[in-house]
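The values are calculated or read from the model by the stated rules, or taken from the named source; none is laboratory data. Note that the structure is predicted; figures quoted are calculated from it, not measured. Glycine also receives a Cβ, built like all others from the backbone with ideal geometry; neighbour counts cover every protein chain displayed. Note: areas computed on protein heavy atoms with side chains; ligands, DNA, RNA excluded. Shrake-Rupley method; radii C 1.70, N 1.55, O 1.52, S 1.80 Å.
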Amino acid sequence: QIKLVESGGGLVQTGGSLTVSCAASGGTFSRYIIGWFRQAPGKEREFVAAISRSGGVPLFADSVEGRFRISRDNARNTVTLQMNNLLPEDTAAYFCAASQQSAITTDTMTRAFYDYWGQGTQVTVSS
């Protein structure tokens, strides 16, 4: 099975930028759709972004559209989430997840779509 490890979280000021990464091992990375979710204390884990197996089809939640960018490098088994113009409401633990599904659908925004999860990395946006 594939193992996912997030990195790159930290503290950033409102309006700043931060990039978090997801590194995979133990499987064929290019076979998986990769998604990012986030969870703040007392709230449910919510969808942020996803990217197709080839990297050609990105998907974003309305709350981050135009501010975040997702990319993947299958040769290096990594997916990155570049976060720009950060807001305090972006503060959360960010998780990457891998899905064995073969195509992006409306279900890609749901947690049930994914088969493997990382442990998360904390992003804090100060006001």
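Observations
- For the chain, the dipole from Cβ point charges (+1 on Lys and Arg, -1 on Asp and Glu) about the Cα centre works out to 340 debye, to the nearest 20.
- Which label in (1) 48, 25, 23; (2) 47, 29, 27; (3) 40, 27, 27 gives the computed Cα extents along the principal axes in Å: (3)
- Phi to ³J(HN,Hα) by Karplus 6.51 cos²θ - 1.76 cosθ + 1.60 over the stretch 22-38, Hz, x for Gly, Pro: 10, 9, 10, 8, x, x, 8, 4, 5, 7, 10, 6, 10, x, 10, 10, 9
- Mean accessible surface per residue for the chain, computed with a 1.4 Å probe while every protein chain stays in place, in Å²: 52
- Around Val79: net Lys/Arg minus Asp/Glu count, Cβ-Cβ under 14 Å: +4
- Carbon and sulfur %, accessible surface of the chain computed with the full protein complex present, 1.4 Å: 44
- Span from the the stretch 1-60 Cα centroid across to the the stretch 74-127 one, whole angstrom: 3
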